[in-house]
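The values are calculated or read from the model by the stated rules, or taken from the named source; none is laboratory data. Remember, predicted model here, so these are calculated numbers, not experimental data. Here the Cβ positions follow ideal geometry from the backbone for every residue, glycine too, while neighbour counts run over all protein chains shown.
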Amino acid sequence: MSQTAAHLMVHVIPHVPVRQWVLSLPVPLRVLLASQPELVTPVLQVVQRVLTRHLLDGAQLEADEGHGGAVTQIQRLVSAANLNLHLQCLVLDGVFRCGADGAPAFVEASAPTDDELHALMQAVIARLMKMITRRGVLIEEMGQTYLAEPDADGDEVSTMRPLQAAAVTYCIVFGPRAGQKLLTGRDAARERSAPALVRRYRRLQRARCGAGLGK
């Protein structure tokens, strides 16, 4: 991990400010992406497009007038070693545009406000729901929203699906306590004011590193 960080700092990330954005998904989508990993890339594309559009708007540039940059680590576990796929994105805190002399010039972004973070989160949720609905993964009918049953069949699918679901929800899979919750130090209170598929999105974070940090 330290070698990867050193490589990014020295050879990949330019000498400009960088902001870390973290997106954690609701439990049904964690199970979905664990069982259908081909959906991870489209999910990441949605997040990156929303963030890039936000940075371009802040610089008052059109899509063809500026370019951002990002490196993302797809983290599949958390400290409890349970299945929890989430995105750790290092995003340039601004965009590059072509300067008057033809050289790239960096336009630094201002820190996002709470209202902007809320708007970004809502944009990510709306676009993710639209994307997975278009792919036939999310079904909306009769006022209900639910995940479609996978087409795949066989022993591997029927075995892995309950294992993945248990790993996401801190449940014991085998033995006399199968189905019971593991003992954790987390607050077990659940939010109940939003639909099940969106209520457990975590708010995008605002950690920021200055240019040249660690160099």
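With the structure loaded, tell me whether THR52 is hydroxyl-bearing (Ser, Thr, Tyr) and either more than 18 Å from LEU120 (Cβ to Cβ) or over 21 Å from the mean Cα position of the chain (by Cα) (or both) or whether it fails that test. Considered against the rule, which asks whether it is hydroxyl-bearing (Ser, Thr, Tyr) and either more than 18 Å from LEU120 (Cβ to Cβ) or over 21 Å from the mean Cα position of the chain (by Cα) (or both), THR52 comes out as no.
Please state which one of VAL16, VAL50 is touching a residue at least 40 places away in the same chain (Cβ under 8 Å), in a loop (DSSP other than H, G, I, E, B) and either out of contact with any Pro (no Cβ under 7 Å at 6 or more places or on another chain) or surrounded by 12 or more Cβ atoms within 10 Å (Cβ to Cβ) (or both). Just a single option satisfies the conditions, and that option is VAL16. Report yes if PHE96 is out of contact with any Leu (no Cβ under 9 Å at 6 or more places or on another chain), part of a strand (DSSP E or B), buried (at least 16 other Cβ atoms within 10 Å of the Cβ) and not polar (S, T, N, Q), otherwise no. Judged against the criteria, PHE96 is a match. Taken together, the residues in the stretch 108-126 that are touching a helix residue (DSSP H, G or I) at 6+ places or on another chain (Cβ under 8 Å) and surrounded by fewer than 17 Cβ atoms within 10 Å (Cβ to Cβ) amount to 2. Look at VAL40 and say whether it is within 12 Å of LEU128 (Cα to Cα) and either at pLDDT 90 or above or assigned to a loop (DSSP other than H, G, I, E, B) (or both). Yes: the conditions hold for VAL40.
Condition check ((1) in contact with a Lys or Arg (Cβ under 7 Å, 6 or more places away or on another chain); (2) modelled with pLDDT of 65 or more) across all residues:
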residue: THR113; (1), (2): no, yes
residue: LEU120; (1), (2): no, yes
residue: GLY143; (1), (2): no, yes
residue: VAL157; (1), (2): no, no
residue: VAL168; (1), (2): yes, no
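Residues satisfying the criterion are present in the stretch 49-64 (criterion: at pLDDT 85 or above, closer than 20 Å to GLU116 by Cα and polar (S, T, N, Q)).
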